[in-house]
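Structure first, commentary second.
The values are calculated or read from the model by the stated rules, or taken from the named source; none is laboratory data. Owing to the predicted nature of the structure, the values given are computational and were not obtained by experimental measurement. Cβ atoms come from the backbone with ideal geometry, glycine included; neighbour counts cover every protein chain shown.
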Amino acid sequence: MKQDDFLGKATDPKLYDHLNWGNTMSDNSNWHKFLVRSIEPLIPSLQNKEVLDIGSGTGSMYPFFILKGAKSVIGVEPSEQQIKFSSQNHPKFLVKQSTFENYNTSTKFDIIFSLFVSEHILDIEKFFKKAHDLLTDRGSLFFTITDASYEKTPRFNYNIEVHEIEPFLSIVKTNRSAGTMFDIVRPVEYVQKIAEKVGLKIKEHQEIKPDKQYLEDEPRYKELPEKTIAHLIHFTK
Ligand SMILES: C[S@@+](CC[C@H](N)C(=O)[O-])C[C@H]1O[C@@H](n2cnc3c(N)ncnc32)[C@H](O)[C@@H]1O
């Protein structure tokens, strides 16, 4: 496979149509519960807030947004299979089938979530600019990104291939039980700089590491107990 093909795979809007991701990322999965535990302390009340969930996947975050009081939640998701899971599990969740890049709307959002989606976005500056412009004046973007060093670390008997494409951009191919995943991996400091360039301000940055509960639920993570898996960044306008 050529380097361009790896990039093409990572940014293919249909990538998740070929994965058995529904169970891995469902509301009941250990991963989802861990994600909610990890981000909840930084998420304010969503009372009366209009929320956009970029790359809403199986819709697993929808119940959390509703529990937090969101007035409305709209998802944007390109994968037909992900949308199928989402509408089966959460029929009230309105999801527009589109990439974020092609999503057209005149609505402004109080809160935008982008959780583990930037791994599939080629032009990250355009992505941040669009998110910035879709936010209300006092709006917030909650953004997660997988840690670059974690992604490249051999673990769990996964077969991992790393392709360095540019100084701040690699593609990591990982064979998992759910299928073969291709992710764009960038250093978090680089991504933060790009966001700041388009006018987003960093309010908080939290490293996401396995907690005690996750180590119990997924003992394989004991191989890497102190490793930062991902980063949650709270941006404001
Ligand atoms: C790792 S999953 C994360 C799903 C969900 N945000 C979560 O945290 O459970 C990444 C999702 O982003 C979607 N995606 C990929 N490319 C996208 C794009 N260009 N715009 C919006 N979503 C995209 C995928 O189809 C997939 O559902």
The residue from Phe64, Phe100 that alone is assigned to a helix (DSSP H, G or I), of a type outside the set (D, E, K, R), within 11 Å of the ligand (Cβ to nearest atom) and modelled with pLDDT of 95 or more is Phe64
Select from the stretch 134-188 the residues that are among the β-branched types (Val, Ile, Thr), part of a strand (DSSP E or B) and under 26 Å from Val36 (Cα atoms) and list them in ascending order.
Thr136, Thr144, Ile145, Thr146, Val172, Thr174, Thr180, Ile184, Val185
So which residues in the stretch 1-23 are more than 14 Å from the chain's Cα centre (by Cα) and part of a helix (DSSP H, G or I), if there are any at all?
Gln3, Asp4, Asp5, Phe6, Leu7, Gly8, Lys9, Leu15, Asp17, His18, Gly22, Asn23
Among the residues in the stretch 70-82, are any of a type outside the set (Gly, Ala, Ser), surrounded by fewer than 24 Cβ atoms within 10 Å (Cβ to Cβ) and within 26 Å of Glu207 (Cβ to Cβ)?
no
Options Ser149, Ser118, Ser140, Ser170; residue that is more than 20 Å from Glu50 (Cβ to Cβ), out of contact with any helix residue (DSSP H, G or I) (no Cβ under 9 Å at 6 or more places or on another chain) and either surrounded by 14 or more Cβ atoms within 10 Å (Cβ to Cβ) or in contact (Cβ under 8 Å) with a residue 12 or more places away in the chain (or both)
Ser149
Being within 12 Å of the ligand (Cβ to nearest atom), of a type in the set (Val, Ile, Thr), under 20 Å from Ala131 (Cα atoms) and in contact (Cβ under 8 Å) with a residue 40 or more places away in the chain is the requirement here; does Ile39 meet it?
yes
What about Leu52, is it of a type in the set (A, V, I, L, M), surrounded by fewer than 16 Cβ atoms within 10 Å (Cβ to Cβ) and modelled with pLDDT of 95 or more?
no
Among the residues of the stretch 87-98, are any within 17 Å of the chain's Cα centre (by Cα), surrounded by 22 or more Cβ atoms within 10 Å (Cβ to Cβ) and in contact (Cβ under 8 Å) with a residue 24 or more places away in the chain?
no
In the stretch 25-36, which residue that is near the ligand (Cβ under 9 Å from one of its atoms) and either in contact with a Cys (Cβ under 8 Å, 6 or more places away or on another chain) or assigned to a helix (DSSP H, G or I) (or both) is nearest to Gly57 (Cα to Cα)?
His32
Residue by residue through the stretch 99-114, note down the ones that are touching a helix residue (DSSP H, G or I) at 6+ places or on another chain (Cβ under 9 Å) and either of a type in the set (Asp, Glu) or under 15 Å from Gln192 (Cα atoms) (or both).
Glu101, Ser114
